[in-house]
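Scroll down for the structure; my scribbles are underneath it.
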Amino acid sequence: MDKQESRGQRRLIVGPFNRVEGDLEVRLEVSGGAVSAAYVNAPLFRGFERILEGRDPLDALVVAPRICGICSVSQSHAAALALAGAMGVEAPRNGVLATNLMTATENVADHLTHFHLFFMPDFARPAYARRPWFGRAEARFKAVQGTAVRGAGAARAELFHVLGILGGKWPHTLTIQPGGVTRGVDARDRVRLLATVCSFRRFLESSLFGAPLDRVLALTAPEDLERWRLSGPDGDFRLFLEIAEDLGLADLGRAYGRFLSHGAYPDAEGGHLYRRGTIADGTAAPFDAAQVAEHHRFSRMAGQDRAHPPFAGSTVPDGMDEDGYSWCKAPRLAGLPYETGAIARQLVDGHPLVRALVAQDGGSVRSRVIARLLELARTTCTMEGWLRAIDIAGPWCVAAEMPDNAQAAGLTEAARGALGHWVRVEQGRIAGYQIIAPTTWNFSPRDLAGIPGPLEQALVGAPVLDDERTPLSVQHIVRSFDPCMVCTVH
C-alpha cells in the first residue's frame, strides 16, 4: 500500500467491462470510500467518418450501418435522412411507417436485451447473496442459466421476424432509402407482422411486467410505482423495483440534469411520436442542431484548440497526443454536456412518471431503467397501430437525384439516444461526414473548459468498498446508460 492509499485515497482502472458492446475503460480517483473523479476511455479508433470521405453519397447507405451490429437500422435511418435532406426528398407515408416499424423493432429489442442480459445479471452476483431478493434474481437473471434470460432471447428472436419481412435481413438491411423503403407488404404480410408483434406483447405482459401493458401505460406518479413494488403483479419489473429500493439505486448515478432528444418515429404531420427538444434543470426548450459542436481537447484527435461544428468537423487521429485519454470526442450543445437516451426521450415527451422521477431523484440508475421499460411498453403498443395504418395499395418510395453540392443532417433516435449524421457533398462526392452517436454524448471525455462528460459526472460519489477492484456501484451506473462503444468511436 502506498502513501496515497494509506490516506484513504487511491486510483483504480476499471475495465474491460463485460456485457458492454465494444471496449471501455474507466479510471477512478477514490477518496473517503467514494469516487471523487472519473475519466472514461474509449480505447479503440475505427474511423468510419474517414472511410466515407471521397465516396459516392449513396455509399453511406452501405457503409454507415456497418458501424454497429446492434443498432444498424438506426444508423441506416440516420444516413437515409441525411441523404434525403441533401436531395430534398420526403418519403411517402407508407415508407415512414415501415421505417418506424423497423427502427422500433430494433430499439425495443435493444431495451429487452439491456434489461435481461446486460443490466440485471449484476444482481445475481455472489456479492448480493445475503439480500432477500437474491434467490429470485439468481434464478431469473444468472448469466446463460436464468429463466428470464432464456425467455427474453426467444422473444427477441421471434420479434426480429419483423425485420426479416420488412427489411429482408438484420443487421445491415439496405431497405431504408432516402425516398422511403424498397419493399412493400401485402395483406398476408401484415397479418404475419401483427401476429409477431402481438406475440411479443404477450411475452412482456406475462414475464417482464406480469400485467397488461395498458396497466403499465397507466403509471403516472411515483406513488403508482410504490404500490406496484409493494403489491403489484409478480413480474421482473416488480423484482427490479424491490432491488432498486433495497440498494438505493434512486440515489446513484446522477449527472447534470440536462437531457436532449432528436425526436423518435416521425409522423405524417411533421412531428414525432416522442418529441424533439431539450430539458435543462426542469426547463423545456427546442433542440437547435446549429448549437452542436464537438471538442477534441481530451480526445486523441487533431484540432484540440477549438470546437468543431459537425458540418466543419474533422476526424484526424493523433496517436502521439499525450493530453487525450479517449478516442471519443466530446459533443456539447451550446457548450454544455447533455445526457441522452430513453430517459431523455420520455422526459422531453412529457411522460408524467418520468418527469416526476427526475424531479425527485434526478437522472439516476433507477430513473434510467424505469424510463427504458416504460418506453418498451409504449413503443410496442404503438407498433400495432402503425401496422394497421399502412395503406397496402399506396406508394412506398419515391426517387430523387443527388445534387453535385449539398449538405444536410439526419437526426434520429437509436435505443441509446440521439444519433446524428451530418453529410457534406461537393462535386458529387462526400467531402465530409460526421457522426455523433448516443454514447458519444453520454461517455464523452472532458471538453475545452475541462467539464466532465455525463458518465464521468454520474460516477462522482459512487461508493467504493475497500476491497473492491471493480466496484459494483460503478458497474450499475455504467450499465444504466447501456453503452455501445463501437458506435462511440465509429
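Values for this structure:
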read-out	value
Filter result for Ala42 (within 23 Å of Gly164 (Cα to Cα) and aliphatic (A, V, I, L, M))	no
Pair list, Cβ < 8 Å and 6+ apart or interchain, from the range 380-400 residues that are more than 15 Å from Arg93 (Cα to Cα) to residues that are small (Gly, Ala, Ser) and in a loop (DSSP other than H, G, I, E, B)	Ala400/Gly88; Ala400/Gly179
Filter result (under 21 Å from Pro309 (Cα atoms) and assigned to a strand (DSSP E or B)) within the range 267-279	Gly277, Thr278
Test: residue in the range 456-475 that is crowded, with 24+ Cβ neighbours inside 10 Å and among the hydroxyl-bearing types (Ser, Thr, Tyr)	no
Residue tally, condition over 23 Å from the mean Cα position of the chain (by Cα) and part of a helix (DSSP H, G or I), over the range 195-236	20
Filter result for Phe123 (among the aromatic types (Phe, Trp, Tyr) and under 23 Å from Glu375 (Cα atoms))	yes
Answer residue from the range 1-20, given it is closer than 30 Å to Phe481 by Cα and part of a loop (DSSP other than H, G, I, E, B) and is modelled with the lowest pLDDT among those	Gly8
Among the candidates Pro352, Pro317, Pro309, residue that is surrounded by fewer than 24 Cβ atoms within 10 Å (Cβ to Cβ), within 26 Å of Leu112 (Cα to Cα) and either within 23 Å of the chain's Cα centre (by Cα) or of a type outside the set (Asp, Glu) (or both)	Pro352
Matching residues, the range 393-434, being in contact with a helix residue (DSSP H, G or I) (Cβ under 6 Å, 6 or more places away or on another chain) and among the β-branched types (Val, Ile, Thr)	Thr412, Val423, Val425, Ile430
Tally, over the range 343-374, of residues that are in a loop (DSSP other than H, G, I, E, B), touching a residue at least 40 places away in the same chain (Cβ under 8 Å) and touching a helix residue (DSSP H, G or I) at 6+ places or on another chain (Cβ under 8 Å)	2
Qualifying helices (runs of 4 or more DSSP H) (wholly inside the range 404-490; at least 3 residues being under 23 Å from Gly313 (Cα atoms))	438-442, 485-488
In the range 281-315, the residues that are in a strand (DSSP E or B) and in contact with a Leu (Cβ under 8 Å, 6 or more places away or on another chain)	Val292, His295, Ala307
In the range 132-149, residue modelled with the lowest pLDDT [restricted to those that are loosely packed, with under 15 Cβ neighbours inside 10 Å and more than 21 Å from Asp482 (Cβ to Cβ)]	Gln145
Tabulated pairs, the range 261-272, first without any contact (Cβ under 8 Å) to a residue 60 or more places away in the chain, second surrounded by 20 or more Cβ atoms within 10 Å (Cβ to Cβ) and in a loop (DSSP other than H, G, I, E, B), C-beta under 6 angstrom, 6+ apart or interchain	His272/Gly263
Hits in the range 59-91 - residues which are surrounded by fewer than 18 Cβ atoms within 10 Å (Cβ to Cβ), modelled with pLDDT of 95 or more and either within 18 Å of Phe311 (Cα to Cα) or among the small types (Gly, Ala, Ser) (or both)	Gly88
Only listed residue being in contact (Cβ under 8 Å) with a residue 60 or more places away in the chain, aromatic (Phe, Trp, Tyr), surrounded by 20 or more Cβ atoms within 10 Å (Cβ to Cβ) and touching a His at 6+ places or on another chain (Cβ under 6 Å), chosen from Phe48, Phe123, Phe115	Phe48
For Ala302: the one exception among (1) out of contact with any strand residue (DSSP E or B) (no Cβ under 7 Å at 6 or more places or on another chain); (2) under 30 Å from Ala244 (Cα atoms)	(2)
Residue match in the range 409-417 (condition: in contact with a Cys (Cβ under 8 Å, 6 or more places away or on another chain) and within 20 Å of Val63 (Cβ to Cβ))	yes
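Residue by residue, here is whether (1) at pLDDT 95 or above; (2) within 24 Å of Gly47 (Cα to Cα) holds:
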position	(1), (2)
Tyr265	yes, no
Glu269	no, no
Thr278	yes, no
Asp281	no, no
Ala284	yes, no
Ala307	yes, yes
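Residue by residue, here is whether (1) of a type in the set (A, V, I, L, M, F, W, C); (2) over 21 Å from the mean Cα position of the chain (by Cα) holds:
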site: Gly420; (1), (2): no, no
site: Ile430; (1), (2): yes, yes
site: Phe443; (1), (2): yes, no
site: Thr470; (1), (2): no, yes
site: Ile477; (1), (2): yes, no
site: Ser480; (1), (2): no, no
site: Met485; (1), (2): yes, no
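Conditions (1) polar (S, T, N, Q); (2) over 17 Å from Leu387 (Cα atoms); (3) touching a Leu at 6+ places or on another chain (Cβ under 8 Å), marked per residue:
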| residue | (1), (2), (3) |
| --- | --- |
| Val108 | no, no, yes |
| Phe115 | no, yes, yes |
| Trp133 | no, yes, yes |
| Gly146 | no, yes, no |
| His172 | no, yes, no |
| Gly179 | no, yes, no |
| Val191 | no, no, no |
| Ala195 | no, no, no |
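The values are calculated or read from the model by the stated rules, or taken from the named source; none is laboratory data. Worth saying up front: this structure is predicted, and the values here are computed from it rather than measured. Using ideal geometry, Cβ is built from the backbone for each residue, glycine included, and neighbour counts are taken over all protein chains shown.
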